[in-house]
Every structure is written in C-alpha cells, then in structure tokens.
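Enquirer: Below you will find the structure I want to go over with you.
The values are calculated or read from the model by the stated rules, or taken from the named source; none is laboratory data. Here the structure is a predicted model, which is why all the values come from computation and not from measurement. No Cβ is skipped: glycine too gets one built from the backbone with ideal geometry, and neighbour counts run over all protein chains shown. Remember, those area values only see protein heavy atoms, side chains included, never the ligands or the DNA or RNA. Shrake-Rupley method; radii C 1.70, N 1.55, O 1.52, S 1.80 Å.
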Amino acid sequence: MSSPRIRWAGPRALLLELDSLETVLAVHARLQETPLPGQVDVLAAARTVLAVFDSRASAQAARAAVATLDRDAAAVNAGSAEPVRIEVVYDGDDLAEVGRLTGLGADGVIAAHTGQLWTAAFGGFAPGFAYLVGEHDALNVPRRSSPRTAVPAGSVALAGNFSAVYPRRSPGGWQLIGRTAARMWDLDREQPALLRPGSTVRYVAVREVVEVVTVAEPAGQRESAGQGGPAAQPDTPAGVQAAGVPALEIITPGPQSLIQDLGRPGFGDLGVSPAGAADAAGARQANRLVGNPPGDAVLETVLGGLSVRARGELTAALTGAPADAEIRSGSASRPAPLYAPFPLHDGESLHLGTPEAGLRTYLAVRGGIDVPPVLGSRSTDLMSGIGPSPLDAGTVLPVGAADRGRVVGQPEPPTLHPALSQGGTDGAPVVLRVTPGPRDDWFTPQSLAALTGQDWAVTAESNRIGVRLDTSAGGTPLERSRTEELPSEGVVAGSLQVPPSGLPVLFLADHPVTGGYPVIAVVVPEDLPVAAQLPPGTTVRFQAVDPGTMEPLRPGALQQPEPTAPTPATNSL
C-alpha cells in the first residue's frame, strides 16, 4: 500500500488521505488500539482519518510516525465479530422512489438492502449516526432535492452509496426506505453507540417492530442578539440539590446560560463533538481564581442578564466578557469585582448586566458545579444534544466539596483580547492566526490571497457551533477551483469551512465532527478564545502562519508548506 498523504488540519491535527475504505478502517483501528503520544482523538471518514493531538509538538512527532505506519499489520479482522442484526419494516416514504431511481422496484430494493453485509465506515451528523457502506453499489441514490425538516427516530435511509439509521428525530435529506426499533444511541449502555467504525450490520426484513422511543426535540433556549442557532435537548437534568449541600439557584438565566467545563474530547467516532467552554481561557481563569482544578464545571452566560442566589456560603469569580455585577442582600447591595475571587454569602444574590465588550461571561464557584457527568464531562453540547439542559429560572445547582489543598487566587488581568476590551466593533480588526488547509488547494489563488488580504465581519447568525462571517465593504466571497463534492471528513474546532456562498464559517466548541465543505484554513487553538468572544459586527483579519513553526507566512498568501496531491473525487453526502 502507498503511504498516506498527510495534510495539516491546524497545528495540532493531521488529516491522513488513504486509498480505500479498507485502509481507512485499518489505520483507524491501529491508532485506536495503539494511540500515538499525545493523541486525543481519531476519526475515520470515507477516505481520510483525522488524528488530533494535545499539542503542536505531539502533532509534529506524529507526522513522521504515521508516514511509515504499517497498515497491513493494523488491519482488523472485522468479520470475526458477529454482524449486528437490525430488524427493519420496509415501508419508508421514499421506498418507491428508490426503486424507480435504481430500476430495482420496491421489492428489489428490499432484497438488495437485506442481501448484503454493511460496514460502519465512520460516524458523524448526530450521536450514534453511522455511515454504512455495502458490498456493492446497487443502492447508490442521490439525496432528496428538498430535505425534510424532521425525520423520525429509527428511520432507515439511503444516500449516495451509504445506508444509515437516524438515532433521533432530526432534519435530513436521505431517502427513507424503512424503520427500526434498534437503539442506535443509548447513554445507559456501557458503549452508547450501537455501531462504531468497523462494525458490520445485517439488515433483516420484518413485518412489525416495537415502537421506537424518540428523543424529544428541544424546546431549547437560543442565544439572542445575533447568537441564535439550533439547540438540542440534552440528556441530563441540570442538577438537584442534596440536603445540606451548598448550591447555586438560578433566578433568571438571561438570554442563555449553560454549564460548561473543558469538554469531552475523544468521542468523535460516535458523532459527539468535544464541546466545553467556548472561551476556555476565561473558564480556566474563573476556576483558578476560586481555587478549583481547571476542568471544574462553571456557568457560561451570553450577553449578561444572569441572576443567581447562594444557598450556603460560596466563593465565586467572574471572568470573560466584562459586565457590571451587583451583589444584593435584602435592601443592601455592593458591586462584585471582576477577575478576582469574592464571597457570596448564604441568601445573597448576584446580578449581571450586559457586557461592555465580548459576549460570554463565566461564573465559577469554589468546589465547582457538581451535576452528573455525561461521557466524562459536565458540559452542555448544543450540537450533539448531550449534557445538562440550558438553565431555567428555579434550577438549583449543587456545588461540590472544595479541595482544601488548593488556594484561592489573587486578582488577575482579564483574558479578553485587548481589541475587544477597548470597544469591540469600532477599532482595528481583531487578528486571528490561521494555518493553511487542509483543503486550501480547492480554492483559486485569488481566494487564497483574499482570505488573509481582506477584512471579514462577524454576522448576527453566529453561535457556539460557529462564527459566521461576511465580507466587509469592498470584499469578495471565496471561490473554489474545484466543483465536485468533497466526501465528508473530520474537522476540528477553528476550521474555516467554506459553503457554496463563499462566506466562511469558523467552527467553535459545538462544531459537527464531520463536514462536507472544504476547509480553507484553521484558526490556531490559542486564538479560539478570542473568536468565541467576537460580537456581531466585529471586523476580523486572518494572518497565515506555518503549522509547524507558527511563523508568519508571506503576507496575502495561504498555502500548505508541503503541497499534497488532491483527493480523488467520490460521492458526497
């Protein structure tokens, strides 16, 4: 087998291009079973494997290791495990249309679907959603021209040369051919996802199935004032106070308040994004000030308006976007400091105003917010629908026991970017560093120059999933040099994905784990806290740096330091 083609996906991740799905599964299995030093996550896709690392040094060391990876030795005997049996009632709304498109008729579609073994190639789209590849292409059909706004949970579907089962009710454009009661995603199981890359599936036709238990669609709260976006109903209540345990009561949550920690990396194969605090620097500082470990859960609130009441004696700190804060006790009140620890006595309430700059303010209490973790994290993930629900008035959050070995910190300077703290939208552009690619070769030379050579404006449609950008006065959208579809592949936080409009979307903490639009560049991890605090209207300028050295590249230029061959075109979903 030929060596993988290696592309940088930011300074801490490598995208490995491989020559077949079999090789993808083999390399993925090898990296799962024997992780490289510093490896945080590994995600299989149609023709690529994305390997994510904890540092630039680890990614650089891994680059040499994966170039000589023995993929023959990595191969797993996927056929040794019994195929997962999925019983299907073939009565889908698109069954007849698939029969017409393939020329097989409805009965022929059922025979072709049940008559072959399917292999889970990769995950994505939603927790438990697995892209399955069959043994032949008889059922290769396009997606619907008009996607449905809601596909029922348990729907069995086809698109391109893939088959899949929708784990929960969600929008979708796949062709529906049947339904199943199989639980594709269940957090009560030791392995929540029924299928992982390499799993095999045998579909079995049945006359009836037990009714599918659906996951409710979110009532969800949306980030306001330009921070609105899709929400999902998380799987865990926010918390219940035990008798005698200190707690924080939510009086009003403001536009949106969430529980966040440093996220849950390592579950990309299950369709679960890392999530965590959008401004990780602000969350870390809040925990540091009250003497918590950096990964303790805090409150992340957007555009102020949060009011909370102490139940018991608490030590708290406010960081991130600066906002006027007041502590009230009966008719008395006093200001609460920013970027410094302060006491919040039993029965006192804390009230936040609208931030003077930035978007997201963080509130930490000594001991941390002690709600049940999900997949090792207490963070709310609005994309995957995992973790505590967005906070409502009346919610009571238990506070954990403080580690007596950790001391309360001293006041610190804010972590907010100086350009934002000096007024935000009226000053000089906020500069974000980017590394080229992994798909910079999909764009014209003029667009590569335009990405870093012109200013961009943050739009009102941004949220925790991504910052949406528009051209500033006189700017031009980005144009692709290749017109074919890109097979879905893994993406990291900071990716600048470019849809057909040519207007980039900068992925943040709740980004999807895979994407089908080319990523022209990736914002370096150190600058993501800045990106998370950009209000609508802020002007942004990108500066290209080398992913290996972090040294600036030639002004106006954007290209991978080591050009690589393009990926052969394949069907995209």
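Enquirer: Mind checking which of 147, 164, 187 is farthest towards the positive end of the stretch 77-214's charge dipole, using Cβ charges of +1 (Lys, Arg) and -1 (Asp, Glu) about the Cα centre?
Expert: Of the candidates, 147 comes out farthest on the positive side.
Enquirer: Another question, then. On the full set of protein chains, 1.4 Å probe, figure out the accessible area of residue 267 and give it in Å² to the nearest 10.
Expert: Result for residue 267: roughly 50 Å² accessible.
Enquirer: Let me ask something else. What's the FRET efficiency of residue 191 with residue 526 using the Cβ-Cβ distance as r and R₀ = 22 Å, to the nearest 0.05?
Expert: Once the sixth-power term is evaluated, E becomes 0.05.
Enquirer: Could I ask something else about it? Along the charge dipole of the stretch 355-508, which of 437, 501, 397 sits closest to the positive end, that is, farthest toward it, with unit charges on the beta carbon of Lys, Arg, Asp and Glu (+1, +1, -1, -1)?
Expert: It is 397.
Enquirer: Here is a follow-up. Sorting 264, 284 by accessible area (1.4 Å probe), largest first, what list results?
Expert: Heavy-atom accessible area, descending, gives 284, 264.
Enquirer: Report, to the nearest 10°, how far helix 105-114 tilts away from the longest principal axis of the Cα atoms in the chain, using its own Cα long axis and a range of 0 to 90°.
Expert: 70
Enquirer: Same structure again: Between the stretch 522-536 and the stretch 22-74, what's the alpha-carbon centroid distance in Å?
Expert: Answer, in whole Å: 27.
Enquirer: Now, a different point. Only four residue types carry charge here, +1 at the Cβ of Lys and Arg and -1 at the Cβ of Asp and Glu. Report the dipole size of the stretch 28-175 about the Cα centre in Debye, rounded to the nearest 20. Intermediate results must be reported in sequence, preceding the final value.
Expert: On the way: 12 positive and 14 negative charges, 109 e Å.
Using Cβ point charges on Lys, Arg, Asp and Glu, the stretch 28-175 gives about 520 debye.
Enquirer: Per-residue accessible area for residue 110 at 1.4 Å probe radius, Å² rounded to 10?
Expert: For residue 110, solvent-accessible area is about 40 Å².
Enquirer: Leaving ligands, DNA and RNA out of it, report the carbon-plus-sulfur percent of the accessible area of the chain at a 1.4 Å probe.
Expert: Working: 11400 of 22150 Å².
Of all accessible area on the chain, carbon and sulfur atoms account for 51 percent.
Enquirer: Now for a different question. What area, in nm² and to one decimal, does the C-alpha convex hull of the chain cast on average over all directions? Show your work: numbers first, answer last.
Expert: Numbers: hull surface 106.4 nm².
Mean shadow area of the hull around the Cα atoms is 26.6 nm².
Enquirer: Any idea what the relative contact order of the chain is, in percent, if you count C-alpha pairs under 8 Å spaced at least 6 apart?
Expert: 15
Enquirer: Using the Cα centre as the reference, give the magnitude of the dipole from point charges on the C-beta atoms of the chain (Lys, Arg: +1; Asp, Glu: -1; all else neutral), rounded to the nearest 20 debye.
Expert: 260
Enquirer: Along the charge dipole of the chain, pointing to its positive end and built from +1/-1 on Cβ of Lys, Arg, Asp and Glu, which listed residue (553, 177, 277) has its Cα farthest out?
Expert: 553
Enquirer: Here is a follow-up. Please give the per residue accessible area of the chain, computed with a probe of 1.4 Å over protein heavy atoms only, in Å².
Expert: Numbers: 22150 Å² over 573 residues.
Per residue, the chain has 39 Å² of solvent-accessible surface.
Enquirer: Report, in whole Å, the centroid distance computed from the Cα atoms of the stretch 451-508 and the stretch 375-394.
Expert: The stretch 451-508 and the stretch 375-394 have Cα centres spaced 27 Å from each other.
Enquirer: What is the distance, in nm, between label points placed 7 Å from the Cα along the Cα-to-Cβ direction at residue 550 and at residue 117?
Expert: In this crude spin-label approximation the distance works out to 4.8 nm.
Enquirer: Length gain on complete extension for the stretch residue 249 to residue 19, per 0.36 nm per residue less the alpha carbon to alpha carbon distance?
Expert: Extra length from residue 249 to residue 19 when fully extended: 77.3 nm.
Enquirer: Enter the angle in degrees (range 0 to 90, nearest 10) between the Cα long axis of helix 56-67 and the first principal axis of the Cα atoms of the chain, meaning the one along which they spread out most.
Expert: For 56-67 against the chain, the angle is about 10 degrees.
Enquirer: Please report the accessible area of residue 550 (heavy atoms, 1.4 Å probe, ligands and nucleic acids excluded) in Å², nearest 10.
Expert: Surface accessible to solvent at residue 550 totals approximately 40 Å².
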